[in-house]
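Colleague: Before we start, here is the structure in question, set down as structure tokens.
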Amino acid sequence: MKSMKGVVSKIRVLKMNKPPLVRFSLDNENCLIAAHSLNFLADVDEGMQIVVAGEYNDRKQFVVKKYSVIGKTKIMIEFENINVR
């Protein structure tokens, strides 16, 4: 299993299967995530820095098996903003 660290951009939901298939870029590297993709959408926003682990598929896309947000997740930030108001 390989790992990468970078900044997330271009988050898109490709298929609304069970689970959804999500595509994103990590420092200009194409990545896909299906396992834990709903958690990913709740945790990660564009511009956040994350670490991912996974493997490349035949199309040279990095298929993410695990991820971790560096710093606060999107849902943590939104929760803090609700408490401030």
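Colleague: If I model a spin label at residue 7 and residue 42 as a point 7 Å from the Cα along the Cα→Cβ vector, what separation in nanometres do I get?
Modeller: About 2.7 nm separates the two model spin labels.
Colleague: How much net charge surrounds residue 25 when only the other residues with a Cβ under 12 Å from the Cβ of residue 25 are counted, with Lys and Arg +1 and Asp and Glu -1?
Modeller: On the way: positive: 10, 12, 23; negative: 27, 29, 46.
Net charge in that neighbourhood comes out at 0.
Colleague: Something else now. Do you know the relative contact order of the stretch 7-78, to the nearest whole percent, from alpha carbon pairs under 8 angstrom that are 6+ apart?
Modeller: RCO, the stretch 7-78: 28 percent.
Colleague: What is the helix-to-structure angle for 74-84, meaning the angle in degrees between its Cα long axis and the longest Cα principal axis of the chain, kept from 0 to 90 and rounded to the nearest 10?
Modeller: 10 degrees
Colleague: Quantify, in whole percent, the carbon and sulfur part of the accessible surface of the stretch 17-69 (1.4 Å probe; protein heavy atoms only).
Modeller: Its accessible area is 46 percent carbon and sulfur atoms.
Colleague: Probe 1.4 Å, all protein chains in place: accessible area of residue 3 in Å², nearest 10?
Modeller: Here the accessible area works out near 90 Å².
Colleague: How much length would be gained if the chain were fully extended between residue 30 and residue 65, taking 0.36 nm per residue of separation minus their Cα-Cα distance, in nm to one decimal?
Modeller: Stretched out fully, the residue 30 to residue 65 stretch lengthens by 11.2 nm.
Colleague: Match the structure shown to one of the listed values (i) 83; (ii) 177; (iii) 94 of volume of the Cα convex hull per residue in Å³, computed from it, and give that label.
Modeller: The listed entry that was calculated here is (iii).
Colleague: Moving on to the next point. Could you provide, to the nearest whole Å², the per residue accessible area of the chain with probe 1.4 Å?
Modeller: 68 Å²
The values are calculated or read from the model by the stated rules, or taken from the named source; none is laboratory data. What you see is a predicted model; the values in this text were computed from it and never measured. Don't worry about glycine lacking a Cβ; one is built from the backbone with ideal geometry, like all the others, and counts go over all protein chains shown. These area figures cover heavy atoms from the full protein model, side chains too; ligands, DNA and RNA do not enter into them. Shrake-Rupley method; radii C 1.70, N 1.55, O 1.52, S 1.80 Å.
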